[in-house]
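The values are calculated or read from the model by the stated rules, or taken from the named source; none is laboratory data. None of the values given here were measured: they were computed from a predicted structure. Cβ coordinates were reconstructed from backbone atoms using ideal geometry, including for glycine residues, and neighbour counts include every protein chain displayed.
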Amino acid sequence: MVSKNIDLGNGPKFESITAGKMYFEPILKDAALGKHFAGQESQNIKALYDAYCRKTNWIDKSPVAAFFAKNESEKGYTTRCFGIQFKDGTTYRFSLDKALSAAAK
């Protein structure tokens with residue numbers, strides 16, 4: 001099976017989806033819930049999100065203001081994911097796994 005590489009342009013590059021997960025999972029896991037990421041972490045998360053949006057043709061209705069860690073709960077499960085705050089004040093979330101899979105070539 002051939003690994004799919006991930007090139008996040010101005011962000012990091014990974015030889016596989018697994019390598020990308022190994023980079024981003026500790027950032028997500030170790031972050032305080034609701035606290036905005038800063039510096040290089042924020043830039044790399046934005047690079048991943050931008051790659052995800054490009055590959056899925058997702059268009060935001062407002063520019064991104066910040067990223068943060070959040071728990072997403074639905075019936076029967078809770079999972080940690082990246083939250084996005086937009087400049088218009090709305091928030092959303094995105095899945096690390098889905099973003100890496102979409103960004104992979």
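Before moving on, here are some points about what is shown:
- Counted residues, the stretch 63-90 - those being among the hydroxyl-bearing types (Ser, Thr, Tyr) and surrounded by 13 or more Cβ atoms within 10 Å (Cβ to Cβ): 1
- Members of the stretch 60-76 that are closer than 18 Å to Ala32 by Cβ and touching a residue at least 24 places away in the same chain (Cβ under 8 Å): Ala66, Phe67, Phe68, Ala69, Lys70, Asn71
- Counted residues, the stretch 17-56 - those being closer than 14 Å to Leu96 by Cβ and either in contact (Cβ under 8 Å) with a residue 40 or more places away in the chain or among the polar types (S, T, N, Q) (or both): 13
- Selection status of Lys4, under 12 Å from Ala103 (Cβ atoms), at pLDDT below 95 and outside any loop (DSSP other than H, G, I, E, B): no
- If the condition is being within 17 Å of Arg54 (Cβ to Cβ), of a type in the set (Lys, Arg) and touching a Ser or Thr at 6+ places or on another chain (Cβ under 7 Å), then the stretch 73-105 contributes no residue at all.
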